Amino acid sequence: MRSATPWSIVFDDLLVATGETLYMVVVSTLIAVLLGAPVGIWLQLTAPGGLKPRPVLHKVLGFVVDLGRSMPFLVLLVVLTSLTRLLLGSTIGPTAAIVPLAVGAIPFVGRLVQNVLAEVHVSVVEAAVTTGSSTSRIVRSVLLRESLPALVNAVGVTAIALLGYSAMAGVVGGGGLGDLAVRMGYQRFNDRYLWSTVVVLAIIATAIQFTTNRVARGIDRRRTASV
Amino acid sequence: MITVENLTKTFPGSTGQVRALDGVNLDVAAGTVLGVVGPSGAGKSTLARCVALLERPDSGAIRVDGTDLVSLDGTALRAARRQIGVVPQGDSLLRQRTAAGNVALPLEAAGVAGPQRRTRVAELLDLVGLTDKAGSYPDQLSGGQRQRIAVARALAASPSVLLADEPTSALDPDTTGSVLTVLDRARAELGVTVLVVTHDMGVVRRICDDVAVLEDGRVVEHGKVLDLVSDAASRTAASLLPAVDQNPAAEVSFDRVADVVLVGFAAVGALLPEATSRFGVELNLLGGGLTRLGETPVARFRVGLKGERADSALEWISDAGGSVRRTLSGPQGVAA
């Protein structure tokens with residue numbers, strides 16, 4: 001049995017990989033939320049019984065979203081390489097991985113946001129309609145504002161899902177913790193790398209969950225938070 | 001102030017088209033309160049949603065100050081909505097906003113600037129008696145308080161018409177009173193024309209000047225509450241006046257038996273005693289009782305009269321403003 005890699009080296013590698021992972025997760029979550037939330041709003045507005053019911057548009061949009069969600073992430077990674085190259089000039093590294101991560105999460109965020117907005121009670125929305133508020137004001141002041149705690153939780157769920165995907169992105173040269181676990185831990189039978197990555201990933205996921213839960217509860221003005 | 005003309009609305013149902021509204025006509029004078037009542041499924045909700053401009057009727061018009069609001073779209077529709085303050089059915093407050101924030105919503109939509117908005121919100125919270133709850137969130141308020149905030153919100157943009165859809169259906173009797181008081185104050189202090197859709201005749205009893213009875217999508221009765229109660233055959237009288245127990249055995253010993261409806265302080269207080277002394281008849285109360293419609297005392301009694309001039313006494317009561325209806329079960333046929 002050969003000697004294990006010294007912990008100091010493992011730590012240094014972990015630090016770099018953690019930084020890459022956080023970078024990928026944070027940026028891709030941001031982009032996915034910014035682009036996915038409008039999709040969710042559109043889905044909800046055009047839904048039957050929504051503020052601007054457009055059944056055909058709603059069906060088409062829903063179909064595209066579901067298509068996007070049914071695509072295995074690994075396939076998306078490969079399919080989107082040309083888009084990534086077009087946007088960034090490279091397909092290697094954490095920055096390049098952000099493109100498929102964000103794109104893959106947009107339909108996911110879209111459905112999450114739609115479900116969250118659908119929870120705002122119809123009588124509340126109609127009350128706002130009777131005040132003469134414009135649709136955009138109702139979206140901002142009523143739909144988004146009323147469901148903000150649930151939206152914060154949805155962001156947390158998205159970030160954790162992207163943490164998982166980012167590990168896959170490592171396989172195609174994205175770097176990060178997943179890459180470290182597979183290259184150093186699995187392929188070189190180095191348990192220290194393998195298990196310490198698992199621990200760090202668990203800590204990050206737990207921290208995201210904990211933080212978003214706390215924030216959601218903190219901003220919720222309902223006595224019994226149903227999120 | 002607000003008129004509803006020939007409103008019809010059909011919905012697709014499982015057994016063909018369901019006609020929810022079938023030519024509804026209503027007329028509410030400025031500064032009065034109209035109660036729209038009727039059994040479940042009569043079309044009350046549909047009517048309320050049409051007047052709230054949430055549902056577009058198939059045909060007909062809804063006029064506020066003469067302008068038809070039914071055909072409007074876009075910006076004009078939004079502006080029209082500000083003329084009709086709506087207290088929707090059920091919980092309708094934003095739960096993430098304070099009471100004051102909820103009241104401010106229509107003002108934000110109307111583009112009222114911050115300082116004026118705060119002044120107006122304070123006025124309205126005062127009107128509904130909840131100034132001290134300005135910073136409370138809906139979940140910290142009772143059902144009645146939430147509903148009063150909903151009324152304040154509906155009044156925020158100074159609408160000329162206030163529509164309340166079942167404003168008391170989720171409340172207990174005590175809090176119902178506080179909400180109705182607030183609606184009454186809105187009419188009295190702001191001169192708002194109020195349209196209340198309700199299944200609860202108690203609402204009509206307490207605050208309504210006029211009443212419209214809806215059945216199967218049609219208005220089957222429409223008029224002033226105090227006029228309709230004098231008409232013993234009206235649905236309004238049947239549901240608002242004290243019930244008269246049938247007791248034929250007690251009635252046979254009288255020369256005349258009649259149901260008398262008396263409206264107003266003077267009539268209730270003085271008419272029957274005066275008839276007794278004027279015509280020298282003996283008058284017994286066999287049933288019925290006294291109630292109040294708004295501020296007005298109203299009585300329905302079943303009276304039994306003994307004496308030669310019993311007919312004249314009844315006639316005099318009728319001439320003096322009482323509404324008299326002789327009962328068919330009485331013995332007058334024999335006596336006459």
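Observations on the model:
- GNM top mover of B:249, B:164, B:42 - chain B, alpha-carbon springs below 10 Å: B:249
- The phi-based Karplus calculation (6.51 cos²θ - 1.76 cosθ + 1.60; θ = phi - 60°) puts the 3J(HN,Hα) values of region B:248-256 at x, 4, 6, 8, 5, 7, 9, 6, 9 Hz, whole numbers, x for Gly and Pro.
- Size descriptor for region B:2-237, Kirkwood hydrodynamic radius: 18.1 Å (Cα pairs only, one decimal).
- Electrostatic bookkeeping for residue A:18 treats Lys and Arg as +1 and Asp and Glu as -1; over the other residues with beta carbon under 12 Å from its beta carbon, the sum is -4.
- GNM top mover of B:163, B:305, B:54 - chain B, alpha-carbon springs below 10 Å: B:54
- Sequence-distant residues sharing a close amide H with residue B:70 (under 5 Å, placed H): B:62
- Three-way shape call for region B:242-335 based on the alpha-carbon gyration tensor, with the a/c threshold at 1.5: oblate
- Additional length obtainable on full extension of the chain from residue B:277 to residue B:118, 0.36 nm per residue less Cα span: 51.0 nm
- The listed peptides A:83-90, B:198-205, ordered by packing as a protection proxy, come out as B:198-205, A:83-90 (highest mean of other Cβ atoms within 10 Å first).
- Distance between region A:165-191 and region B:276-324 - C-alpha centres, whole angstrom: 98
- Considering helices alone, the calculated mean residue ellipticity of the protein assembly as shown at 222 nm is -16000 deg cm²/dmol, with DSSP H runs of length four and up weighted by -39500 (n - 2.57) and normalised per residue.
- For region B:282-289, Karplus couplings with θ = phi - 60° (6.51, -1.76, 1.60), whole Hz, Gly/Pro x: 9, 10, 10, 8, 9, x, x, x
- Listed peptides A:173-179, B:19-25 by packing density, highest first (mean Cβ within 10 Å): A:173-179, B:19-25
- Relative contact order computed over chain A (Cα-Cα under 8 Å; 6+ residues apart), in percent: 27
- Here the contact order of region B:2-237, divided by its residue count and restricted to Cα pairs under 8 Å and six or more residues apart, works out to 29 percent.
- For peptide A:116-124, the mean count of partner chain Cβ atoms within 10 Å of a residue's Cβ comes to 3.
- A Gaussian network model of chain B, with springs between Cα atoms under 10 Å, assigns the largest mean-square fluctuation among B:88, B:12, B:57 to B:12.
- ³J(HN,Hα), Karplus 6.51/-1.76/1.60, whole Hz, each residue of region B:12-25, x for Gly, Pro: x, x, 5, 10, x, 6, 9, 8, 6, 10, 10, x, 7, 10
- Computed over region B:188-301, relative contact order equals 26 percent, with contacts defined as Cα pairs under 8 Å that lie 6+ residues apart.
- Candidate aspartates and glutamates for bridging to residue B:306, where Cα separation is under 19 Å - those fewer than 8 sequence places away on the same chain excluded: B:251, B:255, B:259, B:274, B:282, B:315
- Screening chain A for DSSP H helices whose Cα atoms reach 15 Å or more along their own axis and whose mean Kyte hydropathy is at least 0.5 gives A:7-46, A:55-70, A:94-118, A:148-169, A:191-219.
- Per residue, the convex hull spanned by the alpha carbons of the protein assembly as shown comes to 215 Å³.
- Nearest-ten-degree value, helix B:114-127 long axis tilted from longest Cα axis of chain B: 20
- Neighbouring Cβ atoms from other chains, within 10 Å of the Cβ of residues in B:127-140, number 1 on average.
- Total formal charge among the other residues, if their Cβ is under 14 angstrom from that of residue A:181, Lys/Arg +1 and Asp/Glu -1: -1
- Entries in A:52/B:133; B:44/B:224; B:44/B:133 that, when Cα-Cα distance is taken, lie over 28 Å: A:52/B:133; B:44/B:133
- Peptide B:76-89 - average C-beta neighbours from other chains (10 Å radius): 3
- Subtracting the Cα-Cα distance of residue B:45 and residue B:306 from 0.36 nm times their residue separation leaves 88.9 nm of extension gain.
Taken together, the values in this text are just the output of simple stated rules run on the coordinates, not laboratory data. Predicted model only: the values in this text are computed from it and were never measured. For neighbour counting, all protein chains shown are included, and Cβ atoms are generated from backbone atoms with ideal geometry for every residue, glycine included.
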